[in-house]
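Note sheet for the following structure.
Just so it is clear, none of the values below were taken in a lab; they were calculated from the coordinates. These figures come from a predicted structure and were not determined experimentally. Methodologically, a virtual Cβ is constructed for each residue, glycine included, from the backbone with ideal geometry; neighbour enumeration extends over all protein chains shown.
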Amino acid sequence: MTPKTATAIAADISAAIHAPFILHTQRPVSGGDVNAAYVIADRNGAQYFVKLNTTARISMFEAEAAGLREIAQTKIIRVPQPICWGTGESSAYLAMEYIELASNSTAQNQVRLGHQLAQLHRVTAPRYGWRINNTLGTTPQINTEHDHWPHFWREHRLGVQLSLAAHHGYTGALQRKGEQLLADIPIFFTNYRPTPSLLHGDLWSGNYGIDAQDSPVIFDPAIYYGDRETDLAMTELFGGFSENFYHAYRDAYPLDTDFKTRKILYNLYHILNHLNLFGGSYLRQAEHMIDRLLSEIR
Ligand code: ADP
């Protein structure tokens with residue numbers, strides 16, 4: 001980012017923390033798929049993690065900050081504390097606590113992550129959804145609250161992604177089978193009524209790390225209150241969580257036996273989102289998942 005932008009953000013941080021923070025260095029960080037990211041530091045070695053995007057993305061940062069706060073206030077699992085956010089001349093930013101992250105998972109920190117996620121899922125709300133809409137990648141995620149989970153999942157999750165896919169030109173078989181699946185969603189919930197649990201919402205292995213005290217840290221959330229199986233399903237989608245994690249989770253908060261089917265229904269949301277964001281091979285994967293789901297209930 002330009003020195004002018006970095007200096008202005010440093011001044012905002014200083015105002016937010018009620019202490020001097022004068023920009024000395026900045027360095028780019030790689031790894032995110034949505035935003036440019038930097039670590040900025042002062043002469044005393046104080047550091048902050050800053051995400052940058054276009055000014056139109058400010059509401060995405062506001063929602064991310066609110067999501068981090070919602071998890072932070074449970075005091076169950078470490079997240080970076082959001083510090084401040086705003087818009088400058090040509091960009092929007094979100095500044096948060098910088099946490100030195102390692103990726104070396106050990107049996108111990110995987111167990112801890114499993115236990116902490118189970119505890120987080122025991123934080124509940126009266127209804128499914130959340131008071132703020134947020135984003136999954138850059139796709140809007142609608143969190144309008146609802147009392148009926150299958151309805152929520154159909155209207156605000158799979159239905160939205162399928163409509164977006166049609167808009168992107170993925171018509172034909174995907175839409176035909178998708179419509180069928182939407183109509184059949186209640187069948188997957190015949191004997192199952194999930195509690196509205198506090199979810200990370202985008203829990204793949206790129207969104208957790210381990211801090212210097214060997215404690216798990218989760219970041220980049222797309223939170224809402226919903227079925228905890230959705231978080232577990234996503235951990236399996238791209239891998240990166242060990243057996244120790246799953247044992248610890250199930251030990252602390254056992255899963256329903258039909259999770260093995262519903263997890264396909266839940267991961268379909270992420271695969272459709274990948275189709276909408278990145279296109280390509282995700283079309284075949286999405287169709288294959290829908291076929292499997294329809295075959296389970298026919
Ligand atoms: P994006 O919103 O672009 O997906 P991420 O939140 O995933 O960005 O962050 C990109 C990378 O930066 C992560 O993979 C992680 O390694 C690192 N990171 C994220 N948040 C912090 C933080 N608060 N402190 C230090 N590093 C972080």
Point to revise | Partners for Lys4 among aspartates and glutamates (Cα-Cα distance below 14 Å; same-chain residues under 8 apart left out) | key: Asp12, Glu89
Check your understanding: What is the projected area of the convex hull of the Cα atoms of segment 107-297, averaged over all directions, in nm²?
Key -> 10.6 nm²
Practice item. Can you grab the distance from the C-alpha centre of segment 77-122 to the C-alpha centre of segment 7-56, Å, no decimals? Key: 16 Å
**Study point:** Between helix 107-121 and the chain: long-axis angle, C-alpha atoms, 0 to 90°, nearest 10
**Key:** 70 degrees
Exercise for review: Quote the charge dipole size of segment 29-170 about the Cα centre in Debye, to the nearest 20; the model charges only the Cβ of Lys and Arg (+1) and of Asp and Glu (-1).
Suggested key: 360 debye
Check your understanding: Nearest 10 degrees, 0 to 90: what angle lies between the long axis of helix 243-252 and the longest principal axis of the chain (Cα atoms)?
Key -> 80 degrees
**Study point:** Over the chain: helical MRE at 222 nm, DSSP H runs n ≥ 4 each giving -39500 (n - 2.57), nearest 500
**Key:** -13000 deg cm²/dmol
Practice item. Please give the helix 58-72 orientation as an angle from the longest Cα principal axis of the chain, in degrees from 0 to 90, rounded to the nearest 10. Key: 80 degrees
Revision key, fill the gap. Segment 141-226: Kirkwood hydrodynamic radius (Cα pairs, Å) comes out at 15.2 Å
Study note, to complete from the structure: Rounded to whole angstrom, the alpha-carbon centroid of segment 199-242 lies from that of segment 137-189 at a distance of 22 Å
Practice item. Subtract the Cα-Cα distance of Ser205 and Asp147 from 0.36 nm times their separation in residues, and report this length gain in nm to one decimal. Key: 17.8 nm
**Study point:** Kirkwood Rh in Å, taken over all unlike Cα pairs in segment 3-97
**Key:** 13.5 Å
